[in-house]
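Structure record follows, encoded as C-alpha cells.
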Amino acid sequence: MTCEKVQAELPFLLYGELSFDEEEQMEQHLAGCAQCRQELDSLRSLHAALDQAPDPVPAPLLMDCRRELRLRIREEAVEKRSRGWWQRLSGLSAPHWLTPAWGRAAGALAMLAVGFLGARLTLPQAARIEPTFDTIPVSGTRVRFVEPDSANGLVKITLEETRERQVTGKLDDDRIRQLLLTAAQDPADPGLRVETIDLLQQEPATDEVRAALIAALQSDENSGVRMKALQGLKRYATHPEVRSALTTVLLNDDNPGIRTQAIDLLVQHKQRDVVGALQQLMEREDNDYIRQRTQRLLRDLNASVDSF
Amino acid sequence: MDEAALIRAAQTGDEQAFEQLVHSYDQAVLRLAYNLLRSQEDARDIYQEAFLRVHRNLHTFRFDCSFHTWLYRIVTNLCLDHLRKRKVRKEESTVVETEDGTRDRVSTIPEPGVSGDPERYLLSRELRSRMNQVLEQLTPRERTVFEMRHHQGMRLRAIGEVLGTSEEAAKNCLFRATQKMRAALGEFV
Ligand SMILES: [Zn+2]
C-alpha cells in the first residue's frame, strides 16, 4: 500500500469502516511508516475535538417537542373526525370553532387543559365556565346526536363533553395554585410537569410552592423537571430545608448539570451548614468543574478539603 | 413488545404504541436536527414535521427496510431541504454576511453549563464557534453524512441507504467533509 492510499483510508480506519483485510494492510503499513502514523495521530486529535464540539440539546426541548407532537396528533385526529361528520351532514367545511386553537399556552395567566387532570380532580364550582358556542373545546368533545331540522334549516347537535375544560385565572389564585401543584406531580407527563414547575416559580413564595419544588427536585425521575425545580428554588436558597435538599442532590443526583447548578446555588450564600456534605462530595465527585467549585467553597469557609 | 409488534400496533391506530415508538427514536432525531440546523426553533419544526409524517404515513410502511432507515429518510430529507433553502436565502440576500453576523448566531446557542477548567472551557468555546463556521462551509449532504457517521454512529452503508445512494458515495462525502474540517481546524488540533 502506498502512503497516499493509506492516508486516504485513515478516516475510515478510525470509523471502523474497513474490512478485516484492509485493516490488516493498513496496520502493517502504519507499523513501518512514521509519516502515516503522524497523520493518524493528527486525525485522532481532530476526532477528539469534533467529539467535544456539538452543543448538547437543551433538556426542555425534547419535552416541548413531545408535548407539541401529542397535541398536534390529537388535533389532526379531531379535525379528521369533525370534517368527516360535518361533511357527511351538510357538505360544509368545519366551522371555525371546531378548528383547534387551544393549547398554544399562556404567559402570565395559567391556562390548563384540565383533561390531563380530570380523572383525579374535581373543579371547585366557582372556577367553572359555562360552555357557550364559542368556547366549546374541540378535543374531548364527542357529538352524540345530530338532528337536522329541515323545516327551519337548523341543526341540533348534542355534544358529550367528557374530558377537557379550560379554566383561566391569575397565578395568585388559590384554585389555580392547587391545580398547578397537582399537575406538578402528574406521573404521566414530564412535559406538563416542566411547564407547571415553571409557572409555580412565578407564584408568590409560599411554603406549599417551596415544598412542591423541593419534592420535584429530589424525586422527579425526569432531569428536565428537576432542573426547572432547581431554578425555581433560587429565591429560597437561604432556607434550611432548601439547602439540605440541595446538598442531597449534590451528593446523589446522577446528572452533572444539576449537580453543577446545585453547587452554584449553595456557593452564593456562604454558610457553614454545608461543610460536611461538601467534604463528602470531594471524595466521590468526578466532575472537574464541580470539584473545583467545591474546593474553593471549602477554602472560603476555612474548612479542610478532606473529611475526617 | 418488540419493534415490529409496536409498529403493527401503531399501524392499527394504537396511539400508545405510536408514542412508544416515537420515544425510542426521537432523542436521536432531535439531536441530528439540532446539530445540523443549530437552532432550537428549526430542530423543533423538523421534529414535528417528521413525526407527523410518520404518523400519517405509517400505514404505508411495509417492512422492506428497517424502520430506522425509513424514519431517517424522512428526517434527512427535511433537514436537507431546510439547509438548502437556508443556503439559497443566504446567497440571494444582498447583505453580505459578515463574520460578526455569523458569530451572533452562534452566540445565541446556549452554552453548556458544565465544563472543565476555564482555559479548556474557553478553548472549547472558541473551537465550537469555529466548528460552526466550518460546518457552514460543508455542503448540506456532506454535513448530513458527517453528522450521521460521527455523532450518530451510523454505518456508511446505512447512511447510503437513508440518502438513497451507494455506500461508496457516502464514503466520498465523508472524506470530503473530513478534509475540509481538517484544513479549517488544523491549528486547533
Ligand atoms: Zn506511509
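Where a number appears in this text, it was derived from the coordinates with a stated rule and is not lab data. Not measured: the values here are computed from a predicted model. So basically every Cβ, Gly included, is an ideal-geometry build from the backbone, and we count neighbours across all protein chains shown.
Couple of notes before you dig in:
- Segment B:1-91 - percent relative contact order, Cα under 8 Å, separation 6 or more: 25
- Site pair A:Lys5 and A:Asp51 shows an inter-label distance of 3.0 nm when each label is modelled 7 Å from Cα along Cα→Cβ.
- The mean sequence distance of close C-alpha pairs (under 8 Å, at least 6 residues apart), as a share of the length of segment A:174-300, puts its relative contact order at 17 percent.
- Taking 7 Å steps out from each Cα toward its Cβ at A:Ser244 and A:Cys33 produces label points 6.7 nm apart.
- Net lengthening on full extension, B:Thr165/B:Asp14 (0.36 nm per residue, minus Cα-Cα): 51.0 nm
- Per-residue mean of foreign Cβ neighbours for A:44-52 is 5 (Cβ atoms of other chains, 10 Å radius).
- Ranked by the mean number of other Cβ atoms within 10 Å of their residues, highest first, the peptides A:190-197, B:128-135 come out as A:190-197, B:128-135.
- Across segment A:200-210, computed HN-Hα scalar couplings (Karplus, 6.51 cos²θ - 1.76 cosθ + 1.60, θ = phi - 60°) run 4, 6, 8, 5, x, 5, 9, 4, 4, 5, 4 Hz from first to last residue, x flagging Gly and Pro.
- Shown is the FRET efficiency for A:Glu22 and B:Ala183, computed with R0 = 30 Å from the Cβ-Cβ distance and rounded to the nearest 0.05: 0.75.
- By the rule of a C-alpha distance below 27 Å, with chain neighbours fewer than 8 residues away ignored, the lysines paired with A:Lys80 are A:Lys156.
- Whole-number D in µm²/s for segment A:256-296 (Stokes-Einstein; Kirkwood sum over Cα pairs; 37 °C, 0.692 mPa s): 322
- For a label point 7 Å along the Cα-to-beta-carbon line of A:Gln292, residues of segment A:227-270 with backbone N under 19 Å: A:256-268
- Flagged links, alpha-carbon separation over 21 Å, of B:Lys87/B:Lys180; A:Lys5/B:Lys171; A:Lys234/A:Lys270; A:Lys228/A:Lys270: A:Lys228/A:Lys270
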